[in-house]
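Coordinate-derived values only; no laboratory data. Values in this document were obtained by computation on a predicted structure and should not be read as measured data. Here the Cβ positions follow ideal geometry from the backbone for every residue, glycine too, while neighbour counts run over all protein chains shown.
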Amino acid sequence: MAERKTLTFAVMDPPFETARSTTLLRLLDIAVRRGHNINVFAYEGAVYLPFALQKAHPNPAHGRNAEEENHVLTKDLIAAVMATAERAGTKFDWVNCGMCVDERGADQAIPGVRRGSPADLLKMAQESDNTLVIGTR
Amino acid sequence: MSHYLLIESRDPFDSPDTGFVHDLSRKLVEGGHEVTVFLVQNGVLPARPCIHSAALTSLAQAGVKILADDFSLRERGIAASSLIQGVRAAALDVVIDGMAGGAKLIWH
Amino acid sequence: MKILNIIEAAYRGTIEEQDDTILWLTTIMKGAGGDFTVLVRGNAINHCVTSQDCSGLSFGGWEQMQPPRLASDTATLIDKGVEIHYVAEDAAERGLRPGDMVPGVKPISRDAVADLCNAHDQVWHW
């Protein structure tokens with residue numbers, strides 16, 4: 001197991017719109033499995049990644065019902081990665097930018113997500129070993 | 001000297017700005033820094049032999065290590081064995097290991 | 001820790017956000033004690049043009065009272081002590097001259113971007 005580090009990610013993209021959100025989730029999964037502590041600052045549309053009200057649906061183009069489709073819901077992926085971190089005893093801190101939450105009405109997030117501000121991103125970055133910013137287009 | 005890890009998610013068919021990563025990488029290598037360009041998402045497209053491959057091969061010849069996310073390659077039907085000279089497939093873990101190892105990361 | 005914030009996207013949601021959200025983010029983090037430099041490149045250089053005006057939008061009976069004032073926000077960030085650079089070649093390619101830009105923004109050559117990256121502990125490309 002690699003030496004434990006604290007890594008910060010800042011992200012902007014909402015779910016279901018770009019490949020960037022998928023790559024972020026892949027990175028978080030790898031980082032947690034590697035045993036690192038994780039901070040995520042979700043800015044702008046990324047506050048919808050852990051949105052609690054995401055719902056699965058069927059896929060009529062493929063004739064699959066909701067259960068068969070087992071649609072990706074990013075809130076579930078995040079919850080699963082959080083659970084992995086918890087079992088490993090590592091930290092996983094997800095902060096949604098509060099004003100971004102307000103203007104989008106995205107205030108219902110899954111447990112473990114907290115509301116914050118850009119000052120949290122600065123603090124996370126200052127107190128972690130490295131930071132990766134995944135901007136949007 | 002620093003290790004730079006430039007993560008290129010854009011491709012030259014869709015974005016004229018991939019030159020930014022090429023230019024910056026060359027300059028950093030010339031300055032004695034270790035530079036890795038990690039292609040991800042559509043950024044792996046020029047790793048398949050195509051009209052934009054020469055620029056990537058040239059970058060590799062300039063001393064830049066170029067890796068392509070194995071999942072992104074498979075997703076696009078690009079076999080690791082068919083990659084252009086100078087590019088090899090690698091797991092996304094490289095990014096996390098780079099972060100943990102203190103590389104300076106730039107996502108493009 | 002010195003951080004270089006690179007801004008490239010232009011007019012991305014700026015009307016709805018009433019700000020360039022990365023300039024805004026930098027302003028807030030500077031106020032929280034962060035040590036930032038900003039590099040504006042690509043189309044985002046247009047945010048430094050003094051003649052921008054997006055005032056007057058209305059939708060039905062709703063009028064926008066606080067349109068984004070990107071040039072003014074750029075000047076304010078400079079006044080707060082943040083150095084703002086722009087890539088000279090990117091500006092020239094877009095037909096922009098130094099006189100078109102907010103006073104205080106500093107041109108650097110494309111070749112000097114690597115040196116700017118080297119001079120900072122982290123580089124955040126938004």
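C:E83's amide H: which non-local residues (gap 5+, or another chain) put their own amide H closer than 5 Å, with H modeled 1.01 Å from N in plane and none for Pro or chain starts?
Distant-sequence amide H within range of C:E83: C:V38.
If the chain between C:V49 and C:S109 were fully stretched, how many nm would it gain, using 0.36 nm times the residue separation less the Cα-Cα distance?
My answer for the length gained is 19.8 nm.
Toward the positive end of the charge dipole of segment A:58-137, about the Cα centre and with charges on Cβ (Lys, Arg +1; Asp, Glu -1), which of A:W94, A:V113, A:G135 goes farthest?
A:G135
Once you put a point 7 Å from the Cα of A:Q108 and another 7 Å from the Cα of A:R4, both along the Cβ direction, what distance in nm separates them?
It works out to 3.5 nm between the two label points.
Could you tell me the calculated FRET efficiency between B:D23 and C:M1, based on Cβ-Cβ distance and R0 = 45 angstrom, to the nearest 0.05?
0.95
What are the ³J(HN,Hα) couplings of segment A:62-70, residue after residue, when phi is run through the Karplus curve with 6.51, -1.76, 1.60 and θ = phi - 60°? Round to Hz, x for glycine and proline.
10, x, 10, 7, 4, 5, 5, 5, 6
Under 5 Å between amide hydrogens, which residues at least 5 positions from A:H71 or on another chain qualify, with H placed 1.01 Å from N in the peptide plane?
Close amide H contacts, sequence-distant or interchain: A:H57.
Between C:E83 and B:R88, how many nm apart are label points set 7 Å from Cα along the C-beta direction?
Here the answer is 3.9 nm between the modelled labels.
Is it possible to state the helix-based mean residue ellipticity at 222 nm for chain A, with each DSSP H run of 4+ residues giving -39500 (n - 2.57), the sum divided by total residues, to the nearest 500 deg cm²/dmol? What is it?
-11000 deg cm²/dmol
Once you place label points 7 Å from the Cα toward the Cβ at C:Q64 and C:E93, how far apart are they in nm?
2.7
So what is the relative contact order of segment C:1-71, in percent, for Cα pairs below 8 Å that sit 6 or more residues apart?
42
In chain C, what % of DSSP beta bridges are antiparallel (nearest 5)?
15
Can you classify the protein assembly as shown as rounded, prolate or oblate using the Cα gyration tensor, where a ≥ b ≥ c are the square roots of its eigenvalues, rounded means a/c under 1.5, and otherwise it's prolate if a/b beats b/c and oblate if not?
Taking the square roots of the gyration eigenvalues as a ≥ b ≥ c, the protein assembly as shown is rounded.
Can you tell me the dipole magnitude for the protein assembly as shown around its Cα centre, using point charges on the Cβ only (Lys, Arg +1; Asp, Glu -1), in Debye to the nearest 20?
720
For an R0 of 35 angstrom, estimate the FRET efficiency from the Cβ-Cβ distance between B:E30 and A:R33 and round to the nearest 0.05.
According to the calculation, E is roughly 0.45.
Can you tell me how segment B:3-107 classifies by the Cα gyration tensor, rounded, prolate or oblate, using a/c under 1.5 as the rounded cut?
It is oblate, given that a/c is not under 1.5 and a/b is not larger than b/c.
If you rank B:C50, A:C97 by fewest surrounding Cβ atoms within 10 Å, what's the result?
B:C50, A:C97
Can you find, among B:V37, B:A91, B:A54, the residue sitting farthest towards the positive end of the charge dipole of segment B:3-107, where Lys and Arg contribute +1 and Asp and Glu -1 at Cβ?
Result: B:A54.
Rounding to the nearest 20 debye, state how big the charge dipole of chain A is about its Cα centre with +1 on each Lys and Arg Cβ and -1 on each Asp and Glu Cβ.
My answer is approximately 300 debye.
Using Cα pairs under 8 angstrom and six or more residues apart, how large is the relative contact order of chain B, in percent?
Normalised by residue count, the contact order of chain B is 35 percent.
Give me C:V105, B:V29, A:V47 sorted ascending by neighbouring Cβ count inside 10 Å, so fewest comes first.
Final ranking by Cβ density, sparse to dense: B:V29, C:V105, A:V47.
Once the piece of chain linking B:R74 and B:S15 is laid out straight, how much longer is it, given 0.36 nm per residue of separation minus the C-alpha distance between them?
19.1 nm
Need the C-alpha centroid separation for segment C:42-58 versus segment B:53-108, integer Å.
Each part reduced to its Cα centre gives a spacing of 37 Å.
Given H placed 1.01 Å from N in the peptide plane, which residues other than close sequence neighbours of A:F92 have an amide H under 5 Å from its amide H?
Residues meeting the criterion, in which the H sits 1.01 Å from N, are A:I38.
Counting DSSP beta bridges in segment B:3-107, what percent are antiparallel, to the nearest 5?
Around 0 percent of the beta bridges assigned by DSSP in segment B:3-107 are antiparallel ones.
Using a cut-off of 15 Å between beta-carbons, work out the net charge of the residues near C:R110 (Lys and Arg +1, Asp and Glu -1, C:R110 not included).
Here the charged neighbours net out to -4.
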